[in-house]
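A.B. asks: A single structure is presented below for examination.
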Amino acid sequence: MKSFFATVLCGTVLMSCAPAVIVPPETTSPPMAVTMTPVHRAADGMVVAHAGLTGWGAASAALPAGAQAIILEGDPTKAELFTLRLKFPNNYVLPPHSHSAWEHITVISGVLHLGMGDRFSMANATELRAGSFAAMPSGMRHFVHAAGETVVQLHGMGPWTVTYANRADDPRNR
């Protein structure tokens with residue numbers, strides 16, 4: 001029996017280790033020219049966003065001046081899933097605020113300081129570097145500070161609102 005199993009095993013191993021035969025295609029076509037648009041929205045709903053996005057615009061009036069945004073999918077003002085990216089300049093501060101729904105945020109580049117509570121305090125902030133993720137439930141008051149130009153990706157379920165802990169911090173009241 002040992003020799004039978006050894007023969008079968010060796011035969012299997014030898015067959016699986018045999019070099020593969022590569023058959024070239026009958027015709028070779030020239031490579032296709034591909035245009036990489038920053039955000040591609042297909043008719044079937046698929047969305048692809050490439051690195052190096054262009055088309056940034058001013059962020060919502062609910063955020064202090066200086067932030068830029070680009071919506072990747074959905075509409076934050078409607079009851080649907082949405083994904084957007086925010087770009088903050090160096091030393092950008094978003095005072096303590098909360099949202100009407102869960103916030104999911106991923107740091108794409110730069111450094112974001114995220115703190116919890118009604119008062120801005122860097123001593124209470126956690127440093128999030130590129131690749132870091134945070135999720136906060138509806139109503140949780142938090143604040144952010146960008147160290148260097150920082151890009152974050154935010155996704156959630158709309159309608160999306162921003163409510164400041166201190167009404168005087170709300171840029172819509174100015």
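The values are calculated or read from the model by the stated rules, or taken from the named source; none is laboratory data. Computed from a predicted model, the values in this text were never measured in an experiment. Backbone-built Cβ (ideal geometry, glycine too); neighbour counts: all protein chains shown.
Conditions tested, residue by residue: (1) farther than 17 Å from Gly66 by Cα; (2) part of a strand (DSSP E or B); (3) touching a Cys at 6+ places or on another chain (Cβ under 9 Å).
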{"position": "Gly110", "(1), (2), (3)": "no, yes, no"}
{"position": "Leu114", "(1), (2), (3)": "yes, yes, no"}
{"position": "Leu128", "(1), (2), (3)": "yes, yes, no"}
{"position": "Ala134", "(1), (2), (3)": "yes, yes, no"}
{"position": "Glu149", "(1), (2), (3)": "no, yes, no"}
{"position": "Gln153", "(1), (2), (3)": "no, yes, no"}
{"position": "Trp160", "(1), (2), (3)": "yes, no, no"}
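A.B. asks: Do the conditions hold for Met140, that is, is it at pLDDT 95 or above and farther than 19 Å from Ser60 by Cα?
C.D. replies: Against the criterion (at pLDDT 95 or above and farther than 19 Å from Ser60 by Cα), Met140 qualifies.
A.B. asks: Next up: Please specify each residue of the range 137-147 satisfying the condition of being in a strand (DSSP E or B) and either of a type outside the set (Phe, Trp, Tyr) or free of Cβ contacts under 8 Å to residues at least 24 places away in the same chain (or both).
C.D. replies: Of everything in the range 137-147, those that are in a strand (DSSP E or B) and either of a type outside the set (Phe, Trp, Tyr) or free of Cβ contacts under 8 Å to residues at least 24 places away in the same chain (or both) turn out to be His142, Val144, His145, Ala146, Ala147.
A.B. asks: If you don't mind, another one. Inspect the range 62-76 for any residue being in contact with an Asp or Glu (Cβ under 6 Å, 6 or more places away or on another chain) and touching a residue at least 40 places away in the same chain (Cβ under 8 Å) and give the result as yes or no.
C.D. replies: Yes: one or more hits.
A.B. asks: Right, next: I'm checking my understanding of the structure. Among residues of the range 63-98 that are surrounded by 15 or more Cβ atoms within 10 Å (Cβ to Cβ) and not in a strand (DSSP E or B), which one is modelled with the lowest pLDDT?
C.D. replies: Gly74
A.B. asks: Also: Please verify whether the range 115-128 includes one or more residues that are surrounded by fewer than 19 Cβ atoms within 10 Å (Cβ to Cβ), closer than 29 Å to Val39 by Cα and either touching a Ser or Thr at 6+ places or on another chain (Cβ under 8 Å) or hydroxyl-bearing (Ser, Thr, Tyr) (or both).
C.D. replies: No, that holds for no residue.
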